[in-house]
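Trainee: Can you read through this structure? Questions will come right after.
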Amino acid sequence: MSQSKSHMGKCFYITTAIDYVNGQPHLGHAYEKLAADVIARARRSFGQEVFFLTGLDEHGQKVQQAALGEGKTPQAYCDELAAAWKDFATKLGLTNNDFVRTTEPRHKKVVQQILSKLHAEGHFYKAIYEGFYSTKEETFLTEKDRRPDGTFDPIYGEVVQLQEENYYFRLKDHQSWLIEYLEQNPSFVSPEYRRNEVLGFLKNNVLEDLCITRPAFRLNWGIPLPFDANYVTYVWFDALTNYFSIPAASGDPGIPDSFRAPVSAPQSGGQLWPADIHLIGKDILKFHAVFWPILLKAMQAPIPKQILAHGWWQKDGQKMSKTFGNVVDPLAIIDEWGVDAFRYYVLRELDLGPDGNWTDAGFQGRYTAELANGLGNLVNRSLSMLKRYRNGVVPPRSNELAADAEKVIHETRTLLEQNRLQGALQSIWSLVSRANQYVDHTAPFKLARDAANATRLDEVLYNLAETCRILAVLLWPFLPTTASKLYEQLALPGAPNKFEAASWGGRVSGHTVGTPAPLFPRKEI
Ligand code: ME8
C-alpha cells in the first residue's frame, strides 16, 4: 500500500561506506555490506519501513591514477567497474534500495549546493599550505606524522613536499561543540570503545581546519567548486555527502529546505534523513565521527543517529593485500559454497566491532559442523521422517519445544534490535542444537517401529516441523536463500520474511509438507 511521506513517519535509514572503485571488491567490502543487509532485512521483518543505501566513491586521485594506469578515461573506468560492483551487490543478495555513484548528477548537484551555501556563510577561507602530501591517502601530513626514525608510515605511500593554495573549512571552531555532543549522545558512536577513542582524540588534540579542495591542475577528477573553477572538491567532502545527497535529491522532508530538491508529487515511503546508522570500518571513523557531524552542524542539518564502526578482516593472521596475494575473493567462495554459506561464516565469525581473521579451515569447519551437520541435518531428517512416517502430514499441535523456541525467538529479536548479529546467530543455533538433541533423545526412528507409540511419534514430528518453520523465519535476515528453500520444503505459502510468524503453534496441523532436499550438501574437503 503506498502512502505519502507525510503519513508514513520516519523510515529506518541505513548506509554503508561507499567503496573506492580502484579495484575489485574483497572480503572486507562484502562483510560490511552484508552486515548492513542483515540489519536492513531484520528491521523489515519486524515491520519497519527501511531504506538501505550503498554505492561507490568514484572521484579522487586514487581513481584517476587507476584509470590512467589502464589507459582509460576516469569516467569510462568507473562505468566499467560500477557494473561489476553492482553485480557484486546482487551476488551477495543485498536488498539495497538505491545504489549511489558520486559521479551522478543528482549527487554532484547537492555537493555544489552545500559548498555554495557554506561559502556564502563564511565557513571557508583560502590559505597557502606548505608541507608534505601523501598522494596515496590524498592527505596532507605534518612533522607530527613522522615516525621516530623520521620516515612516514608506508600506508602513506610516496610523500612529497609541496606548497599550495587551497580552501579550508573552519573545523576547529566546532571542536568543543562536538565533545559536548558526543558526551550528551552516548550512542552516537558505537561500540563504546570507539566512542571513547574519538573523545580521547578530541580532548587531547586541537583539530586542524579541513582542507576541502585540490587544485584542478593537479587533480581534475572531482566535483568543481561552484565559486572557483580552479579547484575541485576534496574527495572526502564529496564522499561523505552521499548519505545526504540521495535523500536531498528525492525531496526528502528530513532535509533542510536549502538543500532539498523540489518534488512534483510526494514520494512514497517515510522520511529518510537523519540516517539511523552509518555502518563503516574502523579506519574511517574520524571522517564519520568528527568531520561529518561538524559539517552537518555547519549546514544546520540534523545529525545522524549512529556511526557504527566494524573491525577489519585479516587472512591467516596477516593483512590482506595484493602484494601478499592473500586477498579473499568473495565471489570465488560464493561460486563454490553458495552465498548463504559465505553470509553465515562472516557474520557468525566476526561480531560488529573487533577485528577478525579468515581461515579456509575455519570457513570449512563451520560449513560442515554448523550448516551441513547442524541446520541441514535437522531439516533433512525432520522432513524425511515426516514424509516417511506420516506421508508428510503435520500431526496435531504439541508444545514440547515451545519454551525453548520462544526463548530463542525473544533473544534473537532483542539481539537484532541491538545490531548484535553474531549473538543472534549463536542464539538461533542454540535452537538448532536443541532440536538435534531432541531427535537423538526421542529417537523417532525407534518409535516408528511400534504402532503403540503413534501418539508419541506424532508429538515428536510436530515439534520438529514447527521448529523448522520458526528457524526459517529467524534465519531469513541472515540466510535468505536457505530460509526460502526451507519454507518451500515445508510447502508454506509466501516468504519467511515476517518476524511475527516466529511464534509457536503457527503451523496448521494437517498441512502436508513438500519434498526435503539437502540445504547444505556435504563436501569432500
Ligand atoms: O574508505 N576488513 O573506501 P574503501 C573489513 N571510499 N573492512 C574493510 C577492509 C577489511 N580488510 N578493508 C576495507 C573508503 N574495509 C572510502 C569510504 S564513505 C563516505 C567513503 C572497509 O573502498 C573500510 O573500512 O577503502 C570501509 O568501511 C569500506 O570497506 C570501504 O573502503
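The values are calculated or read from the model by the stated rules, or taken from the named source; none is laboratory data. These figures come from a predicted structure and were not determined experimentally. Using ideal geometry, Cβ is built from the backbone for each residue, glycine included, and neighbour counts are taken over all protein chains shown. Just the protein is used for accessible areas: all its heavy atoms, side chains included, with ligands, DNA and RNA removed. Shrake-Rupley method; radii C 1.70, N 1.55, O 1.52, S 1.80 Å.
Trainee: Hey, G47 hits all of (1) near the ligand (Cβ under 10 Å from one of its atoms); (2) open to solvent by 10 Å² or more (accessible area, probe 1.4 Å); (3) part of a loop (DSSP other than H, G, I, E, B) but one; which does it fall short on?
Mentor: (1)
Trainee: Starting from residues that are under 13 Å from A309 (Cβ atoms) and touching a Lys or Arg at 6+ places or on another chain (Cβ under 8 Å), keep the ones in the stretch 338-354 and report whichever is least open to solvent (accessible area, probe 1.4 Å).
Mentor: Only one residue tops the list, namely G353.
Trainee: Which of the residues belonging to the stretch 329-353 are farther than 22 Å from A369 by Cα and hydrophobic (A, V, I, L, M, F, W, C)?
Mentor: L331, L352
Trainee: Given the criterion within 19 Å of L474 (Cβ to Cβ) and either open to solvent by less than 40 Å² (accessible area, probe 1.4 Å) or not hydroxyl-bearing (S, T, Y) (or both), identify the matching residue among A405, A361.
Mentor: A405
Trainee: Among the numbered criteria (1) free of Cβ contacts under 8 Å to residues at least 60 places away in the same chain; (2) assigned to a strand (DSSP E or B); (3) more than 15 Å from the ligand (Cβ to nearest atom), which one does L56 miss?
Mentor: L56 satisfies all of (1) free of Cβ contacts under 8 Å to residues at least 60 places away in the same chain; (2) assigned to a strand (DSSP E or B); (3) more than 15 Å from the ligand (Cβ to nearest atom) except (3).
Trainee: Taking the stretch 466-487, which residues are open to solvent by less than 10 Å² (accessible area, probe 1.4 Å) and in a loop (DSSP other than H, G, I, E, B)?
Mentor: P477, F478, L479
Trainee: If you don't mind, there's one more thing I want to ask. For the stretch 217-233, how many residues meet the condition of being open to solvent by 10 Å² or more (accessible area, probe 1.4 Å) and at pLDDT below 95?
Mentor: The qualifying residues number 3.
Trainee: Still on this structure: Assess whether L415 counts as being in contact (Cβ under 8 Å) with a residue 24 or more places away in the chain, touching a helix residue (DSSP H, G or I) at 6+ places or on another chain (Cβ under 7 Å) and either assigned to a helix (DSSP H, G or I) or more than 21 Å from Y487 (Cα to Cα) (or both).
Mentor: no
Trainee: Being under 24 Å from V63 (Cβ atoms), within 13 Å of the ligand (Cβ to nearest atom), outside any helix (DSSP H, G or I) and of a type in the set (D, E, K, R) is the requirement here; does K322 meet it?
Mentor: Yes, satisfied.
Trainee: Collect the residues in the stretch 488-503 that are open to solvent by 20 Å² or more (accessible area, probe 1.4 Å) and within 30 Å of T414 (Cβ to Cβ), keeping them in residue-number order.
Mentor: E488, L492, P493, G494, A495, N497, K498, E500, A501, S503
Yes/no matrix, rows are residues, columns are (1) surrounded by 15 or more Cβ atoms within 10 Å (Cβ to Cβ); (2) charged (D, E, K, R); (3) closer than 28 Å to Y13 by Cα; (4) touching a Gly at 6+ places or on another chain (Cβ under 9 Å):
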| residue | (1), (2), (3), (4) |
| --- | --- |
| A84 | no, no, yes, no |
| K91 | yes, yes, yes, no |
| K144 | no, yes, no, no |
| G150 | no, no, no, no |
| V159 | yes, no, no, no |
| E183 | no, yes, yes, no |
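Trainee: Quick check, is V206 farther than 22 Å from N419 by Cα and either within 16 Å of the ligand (Cβ to nearest atom) or free of Cβ contacts under 8 Å to residues at least 40 places away in the same chain (or both)?
Mentor: Spelling it out, V206 is indeed farther than 22 Å from N419 by Cα and either within 16 Å of the ligand (Cβ to nearest atom) or free of Cβ contacts under 8 Å to residues at least 40 places away in the same chain (or both).
Trainee: What are the residues in the stretch 129-142 that are of a type in the set (S, T, N, Q), surrounded by 14 or more Cβ atoms within 10 Å (Cβ to Cβ) and assigned to a loop (DSSP other than H, G, I, E, B), if any?
Mentor: The one that is of a type in the set (S, T, N, Q), surrounded by 14 or more Cβ atoms within 10 Å (Cβ to Cβ) and assigned to a loop (DSSP other than H, G, I, E, B): T135.
Trainee: Applying the selection to the stretch 350-378, what residues are without any contact (Cβ under 8 Å) to a residue 40 or more places away in the chain, within 16 Å of the ligand (Cβ to nearest atom) and either over 12 Å from K523 (Cβ atoms) or of a type in the set (S, T, Y) (or both)?
Mentor: The one that is without any contact (Cβ under 8 Å) to a residue 40 or more places away in the chain, within 16 Å of the ligand (Cβ to nearest atom) and either over 12 Å from K523 (Cβ atoms) or of a type in the set (S, T, Y) (or both): G362.
Trainee: Please state which one of P493, P444 is modelled with pLDDT under 95 and either under 30 Å from the mean Cα position of the chain (by Cα) or not hydrophobic (A, V, I, L, M, F, W, C) (or both).
Mentor: Answer to the check: P493.
Residue-by-condition table, conditions (1) of a type outside the set (D, E, K, R); (2) in contact with a His (Cβ under 6 Å, 6 or more places away or on another chain); (3) touching a residue at least 40 places away in the same chain (Cβ under 8 Å):
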residue: E137; (1), (2), (3): no, no, no
residue: D145; (1), (2), (3): no, no, no
residue: D153; (1), (2), (3): no, no, no
residue: G157; (1), (2), (3): yes, no, no
residue: L162; (1), (2), (3): yes, no, no
residue: Y167; (1), (2), (3): yes, no, yes
residue: L178; (1), (2), (3): yes, no, yes
residue: Y181; (1), (2), (3): yes, no, yes
residue: V189; (1), (2), (3): yes, no, yes
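Condition check ((1) in contact with a strand residue (DSSP E or B) (Cβ under 7 Å, 6 or more places away or on another chain); (2) open to solvent by less than 10 Å² (accessible area, probe 1.4 Å); (3) away from the ligand (no atom under 12 Å from the Cβ)) across all residues:
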| residue | (1), (2), (3) |
| --- | --- |
| D252 | yes, yes, yes |
| I255 | no, yes, yes |
| P262 | no, no, yes |
| G270 | yes, yes, yes |
| D276 | yes, no, yes |
| K297 | no, no, yes |
| A309 | yes, yes, no |
| V327 | no, no, no |
| L331 | no, no, yes |
